[in-house]
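All of the numbers you see were taken from the coordinates with simple rules; none came from a lab. Worth saying up front: this structure is predicted, and the values here are computed from it rather than measured. As a convention, Cβ positions derive from the backbone with ideal geometry for all residues, glycine included, and neighbour counts pool all protein chains shown.
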Amino acid sequence: MLETLFIGIVAFFGFLECGVGNSMIQRPIVMGPLVGLVLGDLNTGLVVGATLELAFMGNVTIGAALPPEITAGGILGTALAISSGNGTEAALALAIPIATVALLLKNFYYLTARSYFLHKSDEYAREGNANGVDRMHIVSFLSYALVMAATVAICFHLGNGFVEGFLAAIPQFVKDGLTVAAGILPALGFALLGGMLISKKVAPYFLLGFIISAYLNVPVLGVALLGIVIVALMITKDETKIAVVEGGDDDDF
């Protein structure tokens, strides 16, 4: 029971960090060792955390596309792997399905409870009640971390058998759909960002970067450095135009 409490505390701070900013404390590379420390197996926590970090390396929020819930998958996958003694293989087998199911829970909570808190905040704002608005933000923020942490702790307490049985009970077509959706969402996120960023003025530069990377095999770092050079040349060109205009005024004397 004490281990379950500690796992819940670690999960709470991990989910709390998700809403604070981009410090990346909630990533498996950090959460794994913390879970290992709580369960008395720091070495396995380090190994599993590093392995899951590589597995979730590309899972980032892009635009409006949300990746699988990496915090739940990393913490619960590591905890169950350590408690069962099966190590990295068990963590990899459990973490990604857990993260996908946790994303569904996260979206459900966002669309229900947090949506309610948002509307209450709007009501307080119309009334001019700043304290009410602040209170709704805090409650919404903390309640999500508390609910997700409690879910992770309960699943850990129930053990591998319960989690594996729950995942096995999900129909295969649902799992296949979630797998496809998880692959599409990052592309959708890039498309949404592209729709906001790309204009007639900058589109040729995007195309140039794609051609250089795809057909000339220049790495991304090389393309980024080329972009910096182009921006520097454009800034220098603009400064030259300003200098010429100012110099023209002086020539009248």
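The string of couplings for region 72-80 from the Karplus curve (6.51, -1.76, 1.60, θ = phi - 60°) is 5, x, x, 5, 6, x, 5, 4, 5 Hz, one whole number per residue in order, with x for Gly and Pro. Shown is the FRET efficiency for Leu207 and Ile228, computed with R0 = 22 Å from the Cβ-Cβ distance and rounded to the nearest 0.05: 0.75. Segment Glu127..Val147, full-extension length gain: 4.3 nm, with 0.36 nm per residue of separation and the alpha-carbon distance subtracted.
Amide H contacts of Glu69: Thr100, Ala102, Leu103, each under 5 Å away and 5 or more positions distant or on a separate chain (H built 1.01 Å from N in the peptide plane; Pro and chain starts excluded). Rounded to the nearest 0.05, what FRET efficiency is calculated for Lys200 and Met1 with R0 set to 45 Å and r the Cβ-Cβ distance? Efficiency, rounded to the nearest 0.05: 0.10.
Which FRET efficiency value, to the nearest 0.05, is calculated for Val220 and His157 with the Förster distance at 51 angstrom and r the Cβ-Cβ distance? For R0 = 51 Å, the calculated efficiency reads 0.70.
Across region 195-207, rounded Karplus estimates of 3J(HN,Hα) from the backbone phi angles (6.51 cos²θ - 1.76 cosθ + 1.60, θ = phi - 60°) give x, 7, 9, 7, 9, 4, 6, 9, 4, x, 6, 4, 5 Hz, Gly and Pro being marked x. For Asn86, no residue 5 or more places off, or on another chain, has a built amide H under 5 Å of its own. Of the residues Lys200, Lys106, Lys120, the one with the fewest other Cβ atoms within 10 Å heads the list, and the complete ranking is Lys200, Lys120, Lys106. Residue exposure proxy: Leu221, Leu158, Leu103, ordered by other Cβ atoms within 10 angstrom of their Cβ from fewest to most, comes out as Leu221, Leu158, Leu103. Taking other C-beta atoms within 10 angstrom as a stand-in for reagent exposure, Phe210, Phe173 fall in the order Phe173, Phe210, fewest first. Here the Karplus curve 6.51 cos²θ - 1.76 cosθ + 1.60, taken at θ = phi - 60°, turns the phi angles of region 31-48 into couplings of 5, x, x, 5, 5, x, 5, 5, 8, x, 9, 5, 4, 5, x, 5, 5, 5 Hz, with x standing for Gly and Pro.
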